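The values are calculated or read from the model by the stated rules, or taken from the named source; none is laboratory data. Fair warning: this is a prediction, and the values are worked out from it, not measured in the lab. A quick note on method: Cβ atoms are made from the backbone with ideal geometry, for glycine too, and the neighbour counts reach across all protein chains shown.
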Amino acid sequence: MSVAGRHAGALAKLFERGARVTPGGVHSPVRSFRAVGSPPMALIEARGARVWDAYGREYLDWIGAWGPALLGHNPPAIASAVTHQLERGALFGLAAPHEVELAERITARVPGLDMVRFVVSGTEAAMTALRLARAATGRSAVVKFAGCYHGHGDAFLIRAGSGAAGAPESPGVTEGAVRDTLVARYNDLADVDRAFHDADGKIAAVFVEPVAGNMGCVPPEPGFLEGLRARCDTTGALLVFDEVITGFRLGPGGASSLFGVRADLVLLGKALGGGLPLAAYGGRRDLMRLIAPEGPVYQAGTFAAHPLSIAAGLAVLDALDADPQLWSRLDRTTERLAQGLEAAARETGVPVRVQRVGSMWTVFFMWTVVLAEKGVRSWDDAGGVDREKFAAFHRGMLSRGVLLPPSPFETAFTSASHGEPEVEITLAAARAALAEAA
Ligand SMILES: *Cc1c(COP(=O)(O)O)cnc(C)c1O
């Protein structure tokens, strides 16, 4: 058998074992590779822009662990900060000075973030922010956008994008939860007005990804975020920016400073922990004071503000503070990649649209040139995406050692470890994979 054949056989066997003891053989649906018709990838090492699978094959990686690897995989400074903390204890279950320092530094850089609470996952941050918004407003309904993902809390599992994209509402979500969630079209303020009207004054909060990352990369159109702010101001609903992806990835202060629109509550995660589990919610002081033990809104966690994660978070901020040019470098690298991909697609006649904001990017394979020119503005445009062609492209890239997110509706991430050589390798692979897919 060929090396590639043995390799594929070994991966398939591991997957078979996994699938006997874990649903689908993976611990998060996005890892399944079902959308691209390959067995799930199993990795044993990740460093910089590269990852190694369980059978020794190396890949150039653009998944970036789905966002956390802003500085690349396993940056030495983070590894050493975590090791240093580990020597003093992994978990205290009580307060610690480092978490105070991290909270001070985060609140100082994100506009409107007066106070912050550290949690383990973005899911927890979103669920708590919704509970807080409901408590603060005395209202029950929430507006979210089709294709936006805010973790797997019941209220958000309705047209949720990412691993849930294309799936119907998850069974197990109660009718009450469905009733309280109003879904609007991204980039469509008239549809937001419709949702506000339908909810008849009962909207506690509008949750939005300021740049959508879970239906592929979809930028907000000019005026969209401002329009949400204005509608929240007139109705008394709270505006919640889910910056779990965009926080620190799109700039030192996240999307709120990039777009100049201030939210009432902000969610952070992914890049914040540099690879360790760390997320946060925060915002206006009067709102955050409602959280226990200062106020009545309950949220707690055995692993909250985990010392290893806090150590990693401080190391991430140190790295960002030491490198203010990082974001313009990421932007330039991603721009070269996006232009190269579009040029390669034109040469092969494949209708493709590359959408990107800073280091977030997605290659949308569209059915026609007209659809490619229109691009994807909301989940309604997802029907224009040729999933089969994307799957073929993905397999072609994978066989050439380039790892892209295994779904047509995910965002790829450029990291500080990606430079000109990585762009060139990717474009060479893409020219061949596009020619095959054409
Ligand atoms: C990943 C993600 C979440 C959920 O975070 P987890 O840590 O996976 O629970 C929430 N919101 C957005 C925008 C995300 O991309």
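Which of (1) at pLDDT 95 or above; (2) outside any loop (DSSP other than H, G, I, E, B) does VAL30 not meet, given it meets every other one?
Result: VAL30 fails condition (1) only.
Checking the condition within 14 Å of the ligand (Cβ to nearest atom), buried (at least 16 other Cβ atoms within 10 Å of the Cβ) and farther than 16 Å from GLN299 by Cα, which residue from TRP66, TRP62 passes? Full working, then the answer.
On the way: TRP62 fails: within 14 Å of the ligand (Cβ to nearest atom).
When all the criteria are applied, what remains is TRP66.
Would you be able to tell me the number of residues in the stretch 1-27 that are within 20 Å of the chain's Cα centre (by Cα) and either surrounded by fewer than 17 Cβ atoms within 10 Å (Cβ to Cβ) or at pLDDT below 85 (or both)? Can you show your working first?
Filtering the stretch 1-27 down to residues within 20 Å of the chain's Cα centre (by Cα) leaves 26-27.
After this cut, where a residue has to be either surrounded by fewer than 17 Cβ atoms within 10 Å (Cβ to Cβ) or at pLDDT below 85 (or both) as well, the list is 27.
Number satisfying all stated conditions: 1.
Which ones in the stretch 43-101 are β-branched (Val, Ile, Thr) and either touching a Ser or Thr at 6+ places or on another chain (Cβ under 8 Å) or more than 30 Å from HIS394 (Cβ to Cβ) (or both)? Step through it out loud before you land on a result.
Start the filter on the stretch 43-101 by keeping residues that are β-branched (Val, Ile, Thr), which leaves 44, 51, 63, 78, 82-83, 100.
Across the stretch 43-101, the qualifying residues are VAL82, THR83, VAL100.
Kindly indicate the residue of the stretch 378-425 that is more than 13 Å from VAL363 (Cα to Cα) and hydroxyl-bearing (Ser, Thr, Tyr) and also surrounded by the most Cβ atoms within 10 Å (Cβ to Cβ) among those meeting that condition.
THR414
Scan the stretch 228-254 for residues that are more than 11 Å from the ligand (Cβ to nearest atom) and either farther than 12 Å from PRO210 by Cα or under 20 Å from the mean Cα position of the chain (by Cα) (or both) and report the count. Break it down into steps so the answer makes sense when it comes.
First, the residues of the stretch 228-254 that are more than 11 Å from the ligand (Cβ to nearest atom): 228-239, 248, 250-254.
Subset that is either farther than 12 Å from PRO210 by Cα or under 20 Å from the mean Cα position of the chain (by Cα) (or both): 230-239, 248, 250-254.
The qualifying residues number 16.
Give all pairs with beta carbons closer than 8 Å in which a residue from the stretch 266-277 that is within 11 Å of the ligand (Cβ to nearest atom) meets a residue that is among the basic types (Lys, Arg); count only pairs at least 6 apart in sequence or on separate chains.
Cβ pairs passing all conditions: LYS270/ARG249; ALA271/ARG249.
Need the failing condition index for THR128 against (1) farther than 19 Å from LEU182 by Cβ; (2) touching a Gly at 6+ places or on another chain (Cβ under 7 Å); (3) part of a helix (DSSP H, G or I); (4) of a type outside the set (Asp, Glu), just the number.
With respect to (1) farther than 19 Å from LEU182 by Cβ; (2) touching a Gly at 6+ places or on another chain (Cβ under 7 Å); (3) part of a helix (DSSP H, G or I); (4) of a type outside the set (Asp, Glu), THR128 is out only on (2).
Please give the helices (runs of 4 or more DSSP H) falling wholly within the stretch 304-377 in which 2 or more residues are surrounded by 18 or more Cβ atoms within 10 Å (Cβ to Cβ), of a type in the set (A, V, I, L, M) and without any contact (Cβ under 8 Å) to a residue 24 or more places away in the chain. Walk me through how you get there before you give the answer.
Numbers: elements: 307-321, 326-348, 369-374.
Helices (runs of 4 or more DSSP H) meeting the threshold: 369-374.
Please state which one of LEU182, LEU102, LEU113 is in a helix (DSSP H, G or I), among the aliphatic types (A, V, I, L, M), away from the ligand (no atom under 16 Å from the Cβ) and touching a residue at least 40 places away in the same chain (Cβ under 8 Å). If you could, list the steps in order and put the result at the bottom.
Values: LEU182 fails: in a helix (DSSP H, G or I); LEU113 fails: in a helix (DSSP H, G or I).
One residue alone meets the criteria, LEU102.
Within the stretch 116-147, track down each residue that is among the small types (Gly, Ala, Ser), within 16 Å of the ligand (Cβ to nearest atom) and in contact with a Ser or Thr (Cβ under 9 Å, 6 or more places away or on another chain). I'd like the intermediate steps shown before the answer.
First, pick out the residues of the stretch 116-147 that are among the small types (Gly, Ala, Ser): 121-122, 125-126, 129, 133, 135-136, 138, 140-141, 146-147.
Still in the running and within 16 Å of the ligand (Cβ to nearest atom): 121-122, 125-126, 129, 133, 146-147.
Once the filter is applied, which keeps residues that are among the small types (Gly, Ala, Ser), within 16 Å of the ligand (Cβ to nearest atom) and in contact with a Ser or Thr (Cβ under 9 Å, 6 or more places away or on another chain), the stretch 116-147 yields ALA146, GLY147.
Select from the stretch 192-223 the residues that are of a type in the set (A, V, I, L, M) and assigned to a helix (DSSP H, G or I) and write down the one among them that is surrounded by the most Cβ atoms within 10 Å (Cβ to Cβ).
VAL192
Does the stretch 342-355 include one or more residues that are among the acidic types (Asp, Glu) and closer than 24 Å to ASP331 by Cβ?
Our first condition is that a residue be among the acidic types (Asp, Glu); within the stretch 342-355, this holds for 342, 347.
Restricting the remaining residues to those that are closer than 24 Å to ASP331 by Cβ gives 342.
So far as the stretch 342-355 goes, yes, one or more of its residues are among the acidic types (Asp, Glu) and closer than 24 Å to ASP331 by Cβ.
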